[in-house]
Amino acid sequence: MAHVFSAPGKALLAGGYLVIDPQYEAYVTALSSRMHAHVQLVESSDCRIYISSPQFGGEWEYTVKLSDDAPAFAETQGRKNPFLEATVKTVLNYLLPSDRFDVKITLFSDPGYHTTEGTSAKNSLNGRKSFLFHQKPIDQVPKTGMGSSAGLVSVVTAALFSHFLKQPLNYTRNTIHNLAQIAHCEAQKKIGSGFDVAAAVYGSIIYRRFKPEVFNHLLGRDLDRQLCSELREAVDSNWSFTHTHCSLPKGIKLLMGDVSAGSETPKLVSKVLAWKQLDPESAIWYEHLNQGNKAFVRSLEQLHNLSETNRDYDTLLADPATLELLRRAIAQIRRGFQEVTKHSGAEIEPPEQTELLDKCNGLPGCVGGLVPGAGGYDAISVLVLEKEMEAFKKASEEDEYFSRVSWLDLSEESAGLLEEDPRNYSGLV
């Protein structure tokens, strides 16, 4: 019997750079574009895991040799994918299966993760699912920065777990998260903030990072029985991190804009961390950002409360005073990013993005806009009143200034990892 799992993309609306430090919280929004993994058992005498990505013409085949110490792996086609390899190894080293298996996993991704240039759509037999198929292999197709690798690792982990453990997702979600975090860091050869994997598994969340010491000792080591034992101990331990579910308030929608430029996140992060280490005054602006992030979360919570306790919420939302706290919080975050940009040399909210976001503030229905995640030139995130969304888009289309911005067909989808109906993928697998 086949099973399918999907996980959302993400946008870090509040918490950029602070999310690296476990003392700070971040606000992460899950997005409607999702990664998908269709898993089924294949009748065969081989002991292997076969993974394909038909949208990009990708195939990876891992043969597995079972032993009393630890599974041994080999990628038989020599096509390296560090994220897939790290995921397969991490999951099997945790589970240590003793019976032979032959598992087939087929991967799909919704359009938001990659550029859509040079694609053709294919639909499932019942029309419930549609994916874009690319002419180029995946390593030659530009990404949009929505967390494709985190989603990939999360759905493949869930797919393997469903095959070997055959337990409902609600029982295994936390274990899947911990394994996916370890596999993702192993593939990247470093421990990141983890918010992208957390959003893929849990959805829209207020996130406080785990401490790296939880599994830092596992990375980069040779495989043996001792490592497998320490892996299980680390995965099953209490990570003491926060992933409180959240969602945007009623009547407010997220609009993501592709600015058709590019930034290298690792370089931005390294510049900020170097500045933070060398300049004592960096603590002032970190605290400024922290207070802005806290105010952002508080203002969203207040709007949630208003929507639940007031029958005339729509009228209240139309009153500029109702949104004043949220607008102030966004302004405080933006000023913090502008100052960090000036002092660190990292172009988090460079002047071009400042001008663009200020222009957005003049459009109908705009509550406020931010540079998401690590910032730079890649994208902008804008909160817009739902009732004025079309007016906002129309006004931007009529303004030549916004010709370089493409509003993406994305929205908040607060759910994290989900089990899907396999029938909706028939004809694609």
Note to self: I need the calculated FRET efficiency for the pair Tyr171 and Asp319, taking r as the beta carbon distance and R₀ as 60 Å, to the nearest 0.05.
What the structure shows: 0.85
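At a 1.4 Å probe radius, which order do Arg404, Arg209, Arg328, Arg311 fall into by accessible area, largest first? Numbers along the way, then the final one.
Details: Arg404 85, Arg209 20, Arg328 145, Arg311 250 Å².
In descending accessible area the options line up as Arg311, Arg328, Arg404, Arg209.
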Note to self: Leaving ligands and nucleic acids out of the surface, order Lys166, Lys394 by accessible area at 1.4 Å, largest first.
What the structure shows: Lys166, Lys394
Check: Which ³J(HN,Hα) values in Hz, rounded to whole numbers, follow from the phi angles of region 312-320 under the Karplus curve 6.51 cos²θ - 1.76 cosθ + 1.60, where θ = phi - 60° and Gly and Pro get x?
Finding: 9, 4, 4, 5, 4, 5, 6, 7, x
Item checked: Inter-label distance for Ser120 and Ser406, nm, one decimal - labels placed 7 Å from Cα along Cα-to-Cβ -> 2.0 nm
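Using the alpha carbons of the chain, what is the convex hull volume per residue in cubic angstrom, as a whole number?
Details: hull volume 64.6 nm³, N = 429.
For the chain, the hull spanned by Cα atoms encloses 151 Å³ per residue.
For Asn361 and Leu273 in the same chain, what is the full-extension length gain: residue separation times 0.36 nm, less their Cα-Cα distance, in nm? Can you show the working numbers first?
Values: separation 88, 0.36 × 88 = 31.68 nm, distance 3.05 nm.
This chain segment gains 28.6 nm when fully extended.
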Check: Could the peptides 334-347, 239-252 be put in order, highest first, of the mean number of other beta-carbon atoms found within 10 Å of their residues?
Finding: 334-347, 239-252
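Consider all pairwise Cα distances in region 252-413 and report the whole-number % of them above 27 Å.
Details: 3686 of 13041 pairs.
Tail fraction, whole percent: 28.
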Margin query: If each residue of separation counts as 0.36 nm, what is the full-extension length gain between Thr242 and Thr309 once their alpha-carbon separation is subtracted?
Written below: 21.4 nm
Check: At what distance in angstrom do the alpha carbon centres of region 92-113 and region 370-396 lie from each other?
Finding: 36 Å
Checklist line | Phi-based couplings in Hz for region 371-383 (Karplus 6.51, -1.76, 1.60; Gly and Pro marked x) | finding: 8, x, x, 7, x, x, 9, 5, 7, 10, 10, 10, 8
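Leaving ligands, DNA and RNA out of it, rank Trp407, Trp275 by accessible area with a 1.4 Å probe, largest first. Please list the in-between numbers first.
Numbers: Trp407 55, Trp275 20 Å².
Of Trp407, Trp275, the descending order of accessible area is Trp407, Trp275.
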Check: Over the heavy atoms of Asp378, what accessible area does a 1.4 Å probe trace out, to the nearest 10 Å²?
Finding: 50 Å²
Checklist line | Amide proton proximity set for Val367, modelled H, under 5 Å, gap of 5+ | finding: Leu383, Val384, Leu385
Next item on the list: Could you work out the Rg to Rh ratio of region 199-246, with Rh taken as the Kirkwood radius (inverse of the mean 1/r over all Cα pairs)?
Entry: 1.08
Next item on the list: Mind checking region 48-121 for GluC sites (Glu not before Pro) that DSSP puts in a loop (not H, G, I, E or B) and that have at most 12 other Cβ atoms within 10 Å?
Entry: Glu117
Check: Once both labels are modelled 7 Å past Cα along the beta-carbon direction, what's the Ala283-Val42 spacing in nm?
Finding: 5.7 nm
Item checked: Histogram of C-alpha separations across region 221-342, 10 Å bin width, % -> 10, 24, 26, 23, 13, 3, 0
Note to self: As a test of the definition: which semi-axes, in Å, follow for region 113-231 when you take the square root of five times each eigenvalue of its alpha carbon gyration tensor? Largest first, please.
What the structure shows: 29, 18, 15
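For the pairs Lys211/Lys253; Lys143/Lys267; Lys143/Lys393; Lys190/Lys267; Lys136/Lys189, note any where the Cα-Cα span goes beyond 21 Å. Before the final figure, lay out each step's value.
Values: Lys211/Lys253 33 Å; Lys143/Lys267 17 Å; Lys143/Lys393 24 Å; Lys190/Lys267 15 Å; Lys136/Lys189 27 Å.
In this structure, Lys211/Lys253; Lys143/Lys393; Lys136/Lys189 exceed 21 Å between Cα atoms.
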Note to self: Give the separation of the Cα centroids, region 116-146 to region 272-302, in Å.
What the structure shows: 38 Å
Check: Taking N as the number of residues in region 151-201, what value does Rg over Cα atoms divided by 2.2 N^0.38 Å take?
Finding: 1.09
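The values are calculated or read from the model by the stated rules, or taken from the named source; none is laboratory data. Source: prediction; values computed, not measured. Every residue, glycine among them, receives a Cβ derived from its backbone with ideal geometry; neighbour counts consider all protein chains shown. The accessibility values were calculated without ligands, DNA or RNA, using every heavy atom of the protein model including side chains. Shrake-Rupley method; radii C 1.70, N 1.55, O 1.52, S 1.80 Å.
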